[in-house]
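Values quoted throughout were computed directly from the atomic coordinates according to the rules given, and no laboratory measurement underlies them. In this text the structure is predicted, and so the values were computed from the model without any measurement. Cβ coordinates were reconstructed from backbone atoms using ideal geometry, including for glycine residues, and neighbour counts include every protein chain displayed.
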Amino acid sequence: MEVSYERQMRHNYLIIKADKMQKETYECRMLMANSIEGLLKFRFRQTEIGIEFYYEITSRQPLSRMLEGKTIQRQEIVRLISSIASLLERLESYLLQESQILLDPQYIYTDMETYQFFFCLVPDRKGDFPKDMERLLQYLMKKTDHRDKESALLSYRLYQESQKDFYGLDSLLKWLPAEESKTSPCPKEGVPKMAQEENKKDLEIAYQKGEIPDREEDVPGKTWLLREKRVGNIIQAAALAAVMILAPGVIWLLKGSAFLREYWYGLICWYGFWTAAAAARFARMRIEKKKAADQQTAKGRPEWEDEFSGTAEKRNEWEDFLEIRDEVIGGAQMEADSGVVQEDQICFETRVLSSEETGEKTSHSLVSIDKKTEDIPVLYFPFLIGKQSGIVDHILMRDTVSRIHVKIEKSEEGYTLTDLNSTNGTWVRGKALKNNETVRLEEGDEIYIADCGFRFL
């Protein structure tokens with residue numbers, strides 16, 4: 001299968017050449033005539049040596065690129081498997097085969113606006129869907145952060161299920177939470193779901209249970225909750241003070257001072273009741289704070305201890321996951337790919353050499369040519385530039401710039417720049433890059449990211 005990329009006007013295409021197919025098939029006609037949810041838009045072109053399939057990937061990025069140096073979370077795993085299951089149900093009504101779907105992460109695309117998954121269906125492809133699914137689940141397990149218990153165990157269970165004879169999607173779906181397996185769009189990164197208005201109640205319950213860290217910066221979107229709690233406490237204190245002070249004053253105005261002198265013991269009981277209520281409220285707040293502090297301290301225990309302590313079955317399952325991850329996938333390679341470094345792999349005697357000792361420049365910058373755009377410091381590699389908050393390393397907020405536009409990398413041979421399926425293109429040394437093309441980058445090179453000009457220094 002020969003794969004290439006092409007940019008036509010403001011559209012980007014993934015092109016797969018099927019040299020063995022010489023004529024139009026039922027699948028080609030079906031894909032051309034219908035827009036099937038979950039499949040990339042399709043068209044084909046007849047050539048002398050075969051047929052070329054064009055898949056529109058404008059404003060979409062492959063799953064493999066989204067997970068470069070990152071790990072996948074439980075919610076994303078659930079959505080991916082659910083998307084595949086929903087797609088298979090739709091394919092049945094069009095008489096299309098599941099074996100024709102490419103499940104390679106390089107060809108599973110994510111819409112950067114809706115966070116939905118899209119797949120390539122290659123007509124006349126003779127694949128092995130169970131084996132392809134097994135490889136995908138192995139990849140997901142490889143990309144899961146083992147410090148996230150829920151994500152790690154879900155990926156482990158799915159992978160273990162795929163090792164059984166004659167497994168099917170139904171056996172995978174049983175591990176997915178029913179309430180999370182719907183394929184509605186995910187909330188965008190940078191706008192946490194729990195910070196949305198409709199989830200305030202759930203967040204408050206989680207906070208009271210101590211499931212949310214004490215520090216505001218640990219949970220995006222928690223600031224509003226803490227502010228509301230502080231305001232609520234102030235209002236309660238003010239209301240209590242008003243009741244204690246104003247009530248006797250109202251009685252004095254209505255009944256006079258003689259009434260108060262006659263029933264002075266009632267006034268003492270009044271103040272005693274509200275003083276006891278305030279003390280009980282204060283004691284309850286102290287107990288809740290101590291409970292939250294204890295739960296925060298418990299986070300330093302071994303990863304499985306809190307959830308699996310006293311549950312031998314779950315503890316064994318967690319240990320099995322670590323064993324499978326290291327032996328089947330290769331722990332060292334997984335850590336290198338996912339960018340996760342375990343604490344026991346850190347060498348505290350390691351010393352970073354300065355630029356004078358290595359004779360090499362340790363940091364670079366993209367210096368703006370027209371000075372209308374700020375310079376971009378490139379302090380590490382790989383380095384992504386675009387306007388998608390939470391994914392790229394530098395946000396270049398211009399209408400002409402794609403969400404993930406370019407990537408700068410460093411290797412033994414030097415520096416490279418890759419156009420990442422951008423809409424308005426990238427130019428290096430005056431040459432327009434093709435879609436997903438990689439070129440060598442030298443100091444002093446002139447770079448245009450859409451209409452933003454820079455010099456690599």
### Message
Starting from the Kirkwood Rh over alpha-carbon pairs, what translational D in µm² s⁻¹ does the stretch 94-184 have by Stokes-Einstein at 20 °C and 1.002 mPa s?
### Response
147 µm²/s
### Message
Sort F454, F259 by Cβ crowding within 10 Å, fewest neighbours at the top.
### Response
F259, F454
### Query
Cβ under 15 Å from R43's Cβ, R43 left aside: what net charge do those residues give with Lys, Arg +1 and Asp, Glu -1?
-1
### Message
Please compute the length gained on full extension between H11 and E443, using 0.36 nm multiplied by the number of residues separating them and subtracting their Cα-Cα distance.
### Response
152.4 nm
### Task
Consider all pairwise Cα distances in the stretch 1-186 and report the whole-number % of them above 30 Å.
20 percent
### Query
Over the stretch 87-154, what relative contact order in percent results from Cα pairs under 8 Å that are six or more residues apart?
26 percent
### Query
When the Kirkwood hydrodynamic radius is evaluated over all pairs of different C-alpha atoms of the stretch 355-456, what value in angstrom, to one decimal, is obtained?
13.7 Å
### Query
Quick one: which of 369-375, 430-436, 138-144 comes out on top by average Cβ neighbours within 10 Å, and what's the full order, highest first?
138-144, 430-436, 369-375
### Share of alpha-carbon pairs per 5 Å distance bin for the stretch 36-130, given as whole %
2, 12, 22, 26, 19, 12, 5, 2, 1, 0
### Query
Quick one: length gained pulling A237 to S411 fully straight, 0.36 nm per residue minus the C-alpha distance?
56.4 nm
### Task
Considering the options L366, Y380, N424, tell which one lies farthest towards the positive end of the dipole of the stretch 355-456, charges being +1 on Lys and Arg and -1 on Asp and Glu at the Cβ, about the Cα centre.
N424
### Message
Give me the dipole magnitude in Debye, nearest 20, for the stretch 109-170 about the Cα centre, with unit charges on the beta carbon: positive for Lys and Arg, negative for Asp and Glu.
### Response
280 debye
#### Entry: Cα→Cβ-extended label distance, 7 Å offset, between Q75 and H394, nm
3.0 nm
### Query
When the Karplus curve 6.51 cos²θ - 1.76 cosθ + 1.60 is applied with θ = phi - 60°, which whole-Hz ³J(HN,Hα) does each residue of the stretch 421-434 get, with x for Gly and Pro?
6, 6, 7, 9, x, 9, 10, 10, 6, x, 9, 6, 7, 6
### Message
Multiplying the sequence separation of F282 and Y167 by 0.36 nm and subtracting their Cα-Cα distance, what value in nm do you get?
### Response
35.7 nm
### Order of E27, E443 - criterion: other Cβ atoms within 10 Å of each residue's Cβ, fewest first
E443, E27
### Message
Using amide H atoms built in the peptide plane, which far-off residues or other-chain residues are under 5 Å from Y5 H to H?
### Response
I15
### Message
Please list 3J(HN,Hα) in residue order for the stretch 75-87, calculated via the Karplus relation 6.51 cos²θ - 1.76 cosθ + 1.60 where θ = phi - 60°; whole Hz, with x for glycine and proline.
### Response
4, 5, 4, 4, 5, 5, 5, 5, 5, 5, 4, 5, 5
### Message
Between the stretch 8-74 and the stretch 110-131, what is the separation of their alpha carbon centroids in Å?
### Response
9 Å
### Task
Run the dipole for the stretch 1-186 about the Cα centre, Lys and Arg Cβ at +1, Asp and Glu Cβ at -1, nothing else charged, and hand back the magnitude in debye, nearest 20.
300 debye
### Summary
Residues whose modelled amide H sits under 5 Å from the amide H of L39, counting only those 5 or more places away in sequence or on another chain, are F119
### Message
Taking the number of other C-beta atoms within 10 Å as the exposure measure, put C120, C269, C452 in order starting with the fewest.
### Response
C269, C452, C120
### Query
Quick one: if you stick a label point 7 Å off each Cα along the C-beta vector at E68 and Y380, how many nm between them?
1.5 nm
### Query
Long-range amide H contacts for V406: which residues qualify at under 5 Å (H placed 1.01 Å from N, peptide plane, sequence gap of 5 or more or a different chain)?
I385, L420
### Note, ³J(HN,Hα) from phi for the stretch 401-415, Karplus 6.51, -1.76, 1.60, rounded to Hz, x at Gly and Pro
8, 6, 4, 10, 9, 9, 10, 10, 10, 10, 9, 5, 7, x, 9
